Amino acid sequence: MHVKGVMGSITFDGEWITITKKEVGQQQRDYRIRAADVTGTRLKPATRLFHGYLQFVLPGSAAAIEEKGLMAGGRPPQSDPHSLSIRHSANDAAQALVTAVEQARG
């Protein structure tokens, strides 16, 4: 499964979640998370005006706080390695990915 996000993407192969981020002027960074280690998922669907996000919560770490303001639009900061902003067109793919991760968790 693959979800194209804002300045990155998320892939899921049934066991591992790979979040790839590419910020302007930075090298690409990959974060790998085992689906069995995920304790929760958060999906805020995007609207036509604002991006949404997909976030994975791991044991021992709190979910990232949503930034307030016009530019952030209620999303976690770009520096959060366990989340990715998504566009409105990616809502269905993101929901399918969350469902697959939840099934893989048990």
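The values are calculated or read from the model by the stated rules, or taken from the named source; none is laboratory data. No experiment lies behind these values; they were computed from the predicted model shown. Reconstructed Cβ throughout: ideal geometry from the backbone, glycine too, with neighbour counts over all protein chains shown.
Cβ-Cβ under 6 Å, sequence separation 6+ or interchain: first residue in region 1-26 and outside any strand (DSSP E or B), partner modelled with pLDDT under 95 and hydroxyl-bearing (Ser, Thr, Tyr). Which pairs? Listed by first residue and then by second, the contacts come to 6/85. Scanning region 38-66 for residues that are closer than 18 Å to residue 1 by Cβ and of a type outside the set (A, V, I, L, M) returns 41, 42, 45, 52, 53, 55, 56.
Selection of region 65-88 for residues being modelled with pLDDT of 70 or more and either among the small types (Gly, Ala, Ser) or on the phi > 0 side of the Ramachandran plot (or both) yields 79, 83, 85.
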